[in-house]
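Novice: Sharing a structure, written as structure tokens. Questions coming.
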Amino acid sequence: MSLQYTSSHIWNELLGSFIKLASPHIGKSPLSYHRHQDLWDRRFVAHFGLTVHSAVDVWQIVENFFKKYRLLKIHYLWALHYLKVYPTEAVAAAKFNTSESNWRDKVYHSITCFGFMDEIHFEDRFEQWSCTQPSCYVDGVDMMVSEARPLDKDLFSHKFKRAGYRYQVAVALGTSKIVYVGGGVPCGKWPDLKLVRQTLLKHIEPHEKVAADQGYVGDP
């Protein structure tokens with residue numbers, strides 16, 4: 001469903017724009033969207049983590065933040081792809097036909113823009129989902145930053161083998177919505193388990209549990 005404050009005409013224009021932008025990256029023609037919408041949605045979700053309709057809705061929320069950083073719709077898709085697929089710089093830069101440094105810069109600032117959203121609600125983890133064990137899925141996301149001089153071991157990311165900052169992102173299991181973002185801390189100083197204990201786990205109910213990968217072994 002499109003946001004109420006945006007006219008259907010503008011929303012449909014945005015939908016068409018994102019269909020054209022995403023088309024070469026998911027291997028589907030823009031003209032095939034209305035004939036094969038289910039397949040289109042599956043491809044879009046596989047690459048960007050949400051349907052193209054949801055991508056339009058989220059864009060409407062973050063658009064002004066992106067404009068402030070002089071970011072475009074394609075950079076928004078780069079960031080969604082990064083959060084979904086977690087590619088290396090070389091792979092992502094080749095996929096989107098850009099330089100590694102440009103991709104890294106645009107994705108970093110795009111995710112900063114996501115952090116300005118006030119429409120992220122932790123209670124949305126129970127939308128179309130009634131289970132409390134698990135109630136949502138959490139994962140750590142590292143963002144590369146410029147190396148400090150002299151080198152600072154507190155910034156070291158084992159995922160990238162270089163400096164980075166770490167975030168915790170929780171996703172609803174019933175809707176795939178982002179329901180929590182926390183962190184923005186030096187990777188080397190904040191392993192995933194320590195960070196989730198200081199952020200997300202402080203907000204869940206006593207009987208509640210979250211799903212995570214093996215990097216979070218240590219909490220029941």
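The values are calculated or read from the model by the stated rules, or taken from the named source; none is laboratory data. As the structure is a computational prediction, the values presented were derived from the model and not from experiment. For neighbour counting, all protein chains shown are included, and Cβ atoms are generated from backbone atoms with ideal geometry for every residue, glycine included.
Novice: Test residue 47 against the stated conditions and say whether it is modelled with pLDDT of 90 or more and either in a helix (DSSP H, G or I) or not assigned by TED's automatic domain parsing to the domain that holds residue 178 (or both).
Specialist: It is true that residue 47 is modelled with pLDDT of 90 or more and either in a helix (DSSP H, G or I) or not assigned by TED's automatic domain parsing to the domain that holds residue 178 (or both).
Novice: Now a separate question. Within segment 69-99, restricting attention to residues that are without any contact (Cβ under 8 Å) to a residue 24 or more places away in the chain and not in a loop (DSSP other than H, G, I, E, B), which residue is nearest to residue 176 (Cα to Cα)?
Specialist: Of everything passing the filter in segment 69-99, 92 is nearest to residue 176 (Cα to Cα).
Novice: Then there's this: Got at least one residue in segment 103-123 being touching a residue at least 60 places away in the same chain (Cβ under 8 Å) and in contact with a Pro (Cβ under 9 Å, 6 or more places away or on another chain)?
Specialist: No, that holds for no residue.
Novice: So, one more: List the number of the failed condition for residue 99; all other conditions in (1) surrounded by 13 or more Cβ atoms within 10 Å (Cβ to Cβ); (2) modelled with pLDDT of 90 or more hold.
Specialist: Against the list (1) surrounded by 13 or more Cβ atoms within 10 Å (Cβ to Cβ); (2) modelled with pLDDT of 90 or more, residue 99 comes up short only on (1).
Novice: With respect to residue 117, is the statement that it is modelled with pLDDT under 90, surrounded by fewer than 15 Cβ atoms within 10 Å (Cβ to Cβ) and either at positive phi or aliphatic (A, V, I, L, M) (or both) true?
Specialist: Taking the combined requirement at face value, the residue satisfies it.
Novice: So, one more: Report yes if residue 112 is in contact with an Asp or Glu (Cβ under 6 Å, 6 or more places away or on another chain), at pLDDT below 95 and not basic (Lys, Arg), otherwise no.
Specialist: The answer is no for residue 112.
Novice: Okay, next question. Testing residue 42 on (1) touching a residue at least 12 places away in the same chain (Cβ under 8 Å); (2) closer than 21 Å to residue 174 by Cα, one condition comes back false. Which one is that?
Specialist: (1)
Novice: Considering each of 33, 82 in turn, give the residue that is closer than 25 Å to residue 166 by Cβ and either among the hydroxyl-bearing types (Ser, Thr, Tyr) or in contact with a strand residue (DSSP E or B) (Cβ under 8 Å, 6 or more places away or on another chain) (or both).
Specialist: 82
Novice: Let me ask something additional. Out of all the residues in segment 167-176, is one or more surrounded by 19 or more Cβ atoms within 10 Å (Cβ to Cβ), polar (S, T, N, Q) and touching a Ser or Thr at 6+ places or on another chain (Cβ under 6 Å)?
Specialist: yes
Residue-by-condition table, conditions (1) in contact with a His (Cβ under 8 Å, 6 or more places away or on another chain); (2) surrounded by fewer than 16 Cβ atoms within 10 Å (Cβ to Cβ); (3) under 19 Å from residue 139 (Cα atoms):
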residue	(1), (2), (3)
50	no, no, yes
66	yes, no, no
70	no, yes, no
85	yes, yes, yes
95	yes, no, no
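Novice: Which condition breaks for residue 135 when tested against (1) more than 17 Å from the chain's Cα centre (by Cα); (2) of a type in the set (Gly, Ala, Ser); (3) surrounded by fewer than 16 Cβ atoms within 10 Å (Cβ to Cβ)?
Specialist: Of everything listed in (1) more than 17 Å from the chain's Cα centre (by Cα); (2) of a type in the set (Gly, Ala, Ser); (3) surrounded by fewer than 16 Cβ atoms within 10 Å (Cβ to Cβ), residue 135 misses just condition (3).
Novice: Select from segment 38-95 the residues that are among the charged types (D, E, K, R) and at negative phi and list them in ascending order.
Specialist: The answer is 38, 41, 42, 43, 57, 63, 67, 68, 73, 84, 89, 95.
Novice: Of the conditions (1) modelled with pLDDT of 90 or more; (2) buried (at least 16 other Cβ atoms within 10 Å of the Cβ); (3) not hydroxyl-bearing (Ser, Thr, Tyr), residue 145 clears all except one; give me its number.
Specialist: Of everything listed in (1) modelled with pLDDT of 90 or more; (2) buried (at least 16 other Cβ atoms within 10 Å of the Cβ); (3) not hydroxyl-bearing (Ser, Thr, Tyr), residue 145 misses just condition (1).
Novice: Please go through (1) at pLDDT 90 or above; (2) among the small types (Gly, Ala, Ser); (3) over 18 Å from the mean Cα position of the chain (by Cα) for residue 170 and return the number of the only condition it doesn't satisfy.
Specialist: (3)
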